[in-house]
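The values are calculated or read from the model by the stated rules, or taken from the named source; none is laboratory data. Everything quoted here is computed from the prediction, not taken from an experiment. Methodologically, a virtual Cβ is constructed for each residue, glycine included, from the backbone with ideal geometry; neighbour enumeration extends over all protein chains shown. Side chains included, ligands, DNA and RNA excluded: accessible areas come from the protein's heavy atoms. Shrake-Rupley method; radii C 1.70, N 1.55, O 1.52, S 1.80 Å.
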Amino acid sequence: MSRLLVIVAIAACYFMFAIMLNSVGTVILQSINSFGVSKPDASTLEGFKDLSIAFVSFFIASFIPRMGYKIALLIGLLLAAGACLLTPVLGDFIAIKVLFACIGISFALVKVSVYSLVGQLTHDTRSHSSLLNTIEGIFMLGVLSGYWIFSAYIDPDAPTSLEWLNVYYPLAAGLFITACIVLFSPIQKTPVVSQPNGLTQEFVEMLKLAYKPLVLVFVLSVFLYVLIEQGIGTWLPTFNSEVLHLPVDVSVQITSIFAAMIAIGRLMAGQILKFVNWYLFLNICIAMMAVLMLLSLPLADDIDATAVTGIFNAPIAAYLLPIAGLMMAPIYPIINSVMLSSLEKAKHAQMTGLIVVFSALGGTTGSIITGLVFDTFGGKNAFYLSLLPMALLAFTLFFFRKSTNKLSSSTIQNEQ
């Protein structure tokens, strides 16, 4: 029973932060409508979120076991809840920036704690993988729920209204309830063996790891992938609203298809990879993603969306673009798995730090570049631009496979 309570607590944390983290695309659209900010300014919200995650994960993660995972979870939940309560009261774009910075800081505390607790709650690789996949599955449920929760507070007849900010009151309530679950769950503090200069040494080891050619190619691949995903996912609600001319609430709701496709794609990939080589599979995914973009974007011309009242009578272009999530979904977990499998376990922590940092940089860069192009050249050209990092990703994956194959051959020879 005590184990179940801990699982419920960490799953609830992940569900709540999934809603808030992935609301950035919706909030960018509403910030443009309600506060009158430009697209480049709105795109900085991704940076406030991602860079705060990277900073806390990189510099503070080693302190979390010392303070205790329960305390770290409670700090994260209460910080995010406080920011949610203040946002509708202040009601300006600066408050939104502070909110996403707080969400990023909080999620870094939560993610490190949750991943560590999963290790405590499981006794072998199979049970660890099973529980972690369950937690990540609940995260995707939160992502899907978030689009519908936010759309319920958006008035399509008054796009400049600030009433949508009231969504943060129930979110704050959900965070407080989750904090109560965490408070009363039997999360034990793990004894930590103190290591002098542990944080400095960990930082140096991470920098040393980044100098390896294999790792450089890998982090560039991670950067490019997240740039593509966040560039499309973050700006999809705005694309639906301004290019396809869908009602604001429908623009947000239909973006939930993108999250659903990512979830389905990752579940399907696990089965497909039993029969297909990972490198061939990822190249097929990139090629299909590019083809889908080339087919769907021309359909966005001259759409009459005046009769659209919900997601079930939206134009076909509104469905095709989110389906790109099905093809891009397997790329990130597969390259992470291949990279980690190529390293000894002692270096997994440093590599995870690099993954978090370059994922954050890629997400922020993708959102800002897409926002700038969207504002200057229009939404269609902004999405056409994603074809360039797709081509670059296929290029880096070639060298990534070559490097991992060389490493594997070297390992076999050493064993012999």
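Rolling a 1.4 angstrom probe over the protein heavy atoms with all chains in place gives the chain an accessible area of 44 Å² per residue. Y279 sits among other residues whose Cβ lies under 10 Å from its own Cβ, and their net charge, with Lys and Arg +1 and Asp and Glu -1, is +2.
At a 1.4 Å probe, what is the % contribution of carbon and sulfur to the accessible area of the stretch 253-313? Ligands and nucleic acids excluded, carbon and sulfur reach 70 percent. Consider the candidate values (1) 26, 58, 16, 0; (2) 24, 51, 17, 5, 3, 0; (3) 30, 58, 12, 0; state which one is P(r) over Cα pairs in 20 Å bins from 0, in percent computed from the structure displayed. Given (1) 26, 58, 16, 0; (2) 24, 51, 17, 5, 3, 0; (3) 30, 58, 12, 0, the calculated one carries the label (1). Taking each DSSP H run with n ≥ 4 as -39500 (n - 2.57) and averaging over every residue of the chain yields -26500 deg cm²/dmol at 222 nm. With the simple spin-label model, which puts each label point 7 Å out from Cα in the Cβ direction, the W148 to L162 separation comes to 3.0 nm. Quick one: grab the alpha carbon gyration tensor of the stretch 350-390, order the square roots of its eigenvalues as a ≥ b ≥ c, and give me rounded if a/c is under 1.5, else prolate or oblate depending on whether a/b is larger than b/c. In terms of gyration-tensor shape, prolate.
A Cβ-based charge dipole, computed about the Cα centre of the stretch 263-388 with Lys and Arg at +1 and Asp and Glu at -1, lands at about 600 debye. Which FRET efficiency, nearest 0.05, do N381 and R66 yield, Cβ-Cβ r, R0 60 Å? Calculated transfer efficiency: 0.75.
A simple charge model with +1 on the Cβ of Lys and Arg, -1 on the Cβ of Asp and Glu and nothing else charged puts the dipole of the chain at about 1620 debye relative to its Cα centre. Of the whole protein surface, R3 contributes about 110 Å² of accessible area at a 1.4 Å probe radius. Farthest toward the positive end of the dipole of the chain, out of L216, M261, L320, is the Cα of L216, where the dipole comes from beta carbon charges about the Cα centre.
Free of any chymotrypsin sites (Phe, Trp or Tyr not before Pro) that DSSP assigns to a loop and that have at most 14 other C-beta atoms within 10 Å, the longest stretch within the chain is 1-210.
Accessible area per residue (1.4 Å probe, heavy atoms of protein chains only) ranks T396, T309 as T309, T396, with the largest value leading.
Over the stretch 1-124, with every protein chain in place, what whole percent of the accessible area is carbon and sulfur at 1.4 Å, could you tell me? Carbon with sulfur: 72 percent of the solvent-accessible area. Pairs spanning more than 21 Å between alpha-carbon atoms, out of K39/K97; K49/K212; K39/K111; K111/K212: K49/K212; K39/K111; K111/K212.
Legend: calculated FRET efficiency, L343 to L273, from the Cβ-Cβ distance at R0 = 22 Å, rounded to 0.05, equals 0.65. Annotation: H245 carries an accessible surface of approximately 110 Å², with a 1.4 Å probe and no ligand, DNA or RNA atoms counted. For the pair L85 and A287, the difference between a 0.36 nm per residue extended length and the Cα-Cα distance amounts to 68.3 nm. Note that the stretch 19-29 has calculated 3J(HN,Hα) couplings of 4, 6, 4, 8, 7, 4, x, 5, 5, 4, 4 Hz, one per residue in order, obtained from phi through the Karplus relation 6.51 cos²θ - 1.76 cosθ + 1.60 (θ = phi - 60°); glycine and proline are x. If you plug the beta carbon distance of E136 and L299 into 1/(1 + (r/R0)^6) with R0 = 22 Å, you get a FRET efficiency near 0.10. The label-point distance for F312 and K402, in a model that sets each label 7 Å from Cα toward Cβ, rounds to 5.3 nm.
Compared with the alpha-carbon gap, the fully stretched path from L216 to D92 is longer by 40.6 nm at 0.36 nm per residue. Mean separation of Cα pairs under 8 Å and 6 or more residues apart, divided by the residue count, gives the chain a relative contact order of 26 percent. Solvent exposure of C180, expressed as accessible area, is near 70 Å², computed with a probe of 1.4 Å over the protein chains only. Projecting the Cα atoms of S145, I177, S113 onto the charge dipole of the chain (Cβ charges, centred on the Cα centre) puts S113 farthest toward the positive pole.
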